[in-house]
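This report concerns only the one structure given below.
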Amino acid sequence: MDWLNFHHLRYFWMVAKEGSLRSAAKILRVSQPSISTQISELEEALGEKLFRRSGRTKILTDAGQVAFRYAEEIFSLGRELVGAIQQRPTAQVLRLYAGVVDSLPKLVANEILKPVFEMPQTVQVICREGKLADLLEQLAAHRLDILLADEPASSSALVRTFSHPLGASGTSFCAAGKLAGALRKGFPQSLHEAPALLPSDNTSLRRAVEAWFQNQGVRPRVVAEFEDLALMKTMAAEGRGFIALPSVVVSEAVQRYGFRILGTAATCCVQFHAITAERRLVHPAVARITEHARNHLFAQSTKPPLSEKAPPA
C-alpha cells in the first residue's frame, strides 16, 4: 500500500467513535451501505479486518484498535494544522495516553500525573483505567504511553514491557467522626475488632495491610471490601469504618473527606511503578512523571522507616 485514503479512514474513525453504522451515517449524512463500502475498501488496503460484530454494535478488532488510535492522532493533527494556520492557541498540543490500574488509589495517580499539567508545553492527558493484564496489552500495542501500577509487570507476562520504580509509601490509617476519636487512643491495638473498610484482596495495599495486621497482633472486623476505592473513601467519610491509605496522599484525603489520622505505619509499605513499552523514556511527559515521582513525591521513602505511631492528640 503506497498511500492511505483519508476519506475511507474518516468513515472508519466515525463508526469506531459512534459504535454503529447507523449513528455514523446520521452524523456524516450518508447512507449506511456507502460507509460500509468505504470501510471494506480500507480493510482491503490494510489487509486486516477492523471490526467484528456484537449484536448491533461494531467492536474494534486488535488491528482496528491500532488503526483507531492512529486515526485519532491524524484527525487531531488536522485540527491543529487549521489552528496553527489561523494562529489559535490549540496548536502544538502534546498527548499522553496513560493507563491506570484499577487497584491504584486514584489520589496517588492524581499526584503522579500532576507535573504533566505544569509543563511549558500544553499536554492533553487521555486516561484509561482497567486490569493490569488488559492495560499491558494496550501498552504493547502502543495504544498507551505509560501505565501506572502498584506492582511491576510480571516476568511471565506475554508482552514485553519495562517497569520503572517510582517510589514507595508507608500507610496511614484514617477514620471519620466519633469512630476516629475512639480509635486514635491506643493505636494500633485499638484497631483490633474495629470496623474496617479495605481494598479487595487482589491489591498490593490489601496484602501489605494484612501482613502488618498480623505483625501487630490485631484482627479488625472487615465490614466491606472494595474494588472501587473512591466508594470506600465515601463510606469511610460516613463513619462506617476505618480505612488504610498510602501516606503520600493522606493529607489530600484528610482535606477532601474530613478524615482524622489514627496512626501511621511506615513499615506497611506499598510500591508504585511506571510501566512502558520501551526501556528508554522517550516521551517528555513520561520522563517528567518519573523524575518528579522519584525526586519529590516519593523522596521520603528513601529515609529510614519510623516506628508505628499515633499522631499527637
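Protection proxy ranking, highest mean first, for peptides 113-120, 98-105, 243-250: 243-250, 98-105, 113-120, where packing is the per-residue count of other beta-carbon atoms within 10 Å, averaged. Taking 51, 298, 162 as the candidate residues, the one with maximal mean-square fluctuation in a Gaussian network model of the chain, Cα springs under 10 Å, is 51. Pairwise alpha-carbon distances in the range 19-60 exceed 13 Å for 55% of all pairs.
Taking springs between alpha-carbon atoms closer than 10 angstrom, which of 173, 272, 187 fluctuates most in the Gaussian network model of the chain? Sorting by GNM fluctuation, first place goes to 187. Descending by average beta-carbon neighbour count within 10 Å, the peptides 16-29, 195-208 line up as 195-208, 16-29, the highest first. The radius of gyration of the Cα set in the chain, together with its Dmax, comes out at 23.8, 73 angstrom. Going from the fewest other Cβ atoms within 10 Å to the most, the residues 268, 174 appear in the order 174, 268. When all alpha carbon pairs of the range 169-269 are counted in 5 Å bins from zero, the resulting P(r) reads 3, 14, 27, 30, 21, 5, 0 %.
Amide H contacts of residue 267 (H built 1.01 Å from N, in plane; Pro and chain starts excluded): no residue 5 or more places away or on another chain comes under 5 Å. Among 289, 74, a tally of other beta-carbon atoms within 10 Å of each Cβ gives an order, fewest to most, of 74, 289.
Rule-based calculations on the coordinates, nothing more; no lab input. From a predicted model like this one, the values you see are computed outputs, not experimental measurements. Heads up, the Cβs are rebuilt from the backbone with ideal geometry, glycines too, and the neighbour counts pull from every protein chain shown.
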